[in-house]
Amino acid sequence: MTETSRVQIGHLIKILEVLYNAYKEEKELVVSDLIIGSRLNTTTVYNVRRRLKQDGFIEERYNPDRTVTIKLTPKGVELAKCILKCKDLLLK
């Protein structure tokens, strides 16, 4: 069982949606963008990020200005596509 499998699906969907949209637009996100975009609290975003990172779905880069840039790995892109497709099917 991966760490990501222990995340509430609603939280995972919101965070993957923000990350995947940034990926499609070739934008870099910092943590505050992820918090604002997902509309989740800081602790929740931290916990989901930690698990996604442990399982190799995201990469983080620590910047000199003390911000953290986050992006999906190729594995994370595939997960996001799959999860968001399932979300779309459920909402039809």
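Quick note: the coordinates plus some simple rules give every number you see, no bench work behind them. Since this is a predicted model, take the numbers as computed values, not measurements. Quick reminder, even Gly has a Cβ in these numbers, built from the backbone with ideal geometry, and neighbours come from all protein chains shown.
Within segment 51-68, which residues are over 15 Å from LEU16 (Cβ atoms) and out of contact with any strand residue (DSSP E or B) (no Cβ under 7 Å at 6 or more places or on another chain)?
GLN54, PRO64, ASP65, ARG66
Take segment 22-55 and flag every residue that is among the polar types (S, T, N, Q) and more than 10 Å from the chain's Cα centre (by Cα).
Hits for segment 22-55 are SER32, ASN41, THR42, THR43, THR44, ASN47, GLN54.
Select from segment 69-83 the residues that are out of contact with any Leu (no Cβ under 6 Å at 6 or more places or on another chain) and surrounded by 15 or more Cβ atoms within 10 Å (Cβ to Cβ) and write down the one among them that is farthest from ALA22 (Cα to Cα).
Among those that are out of contact with any Leu (no Cβ under 6 Å at 6 or more places or on another chain) and surrounded by 15 or more Cβ atoms within 10 Å (Cβ to Cβ), it is LEU79.
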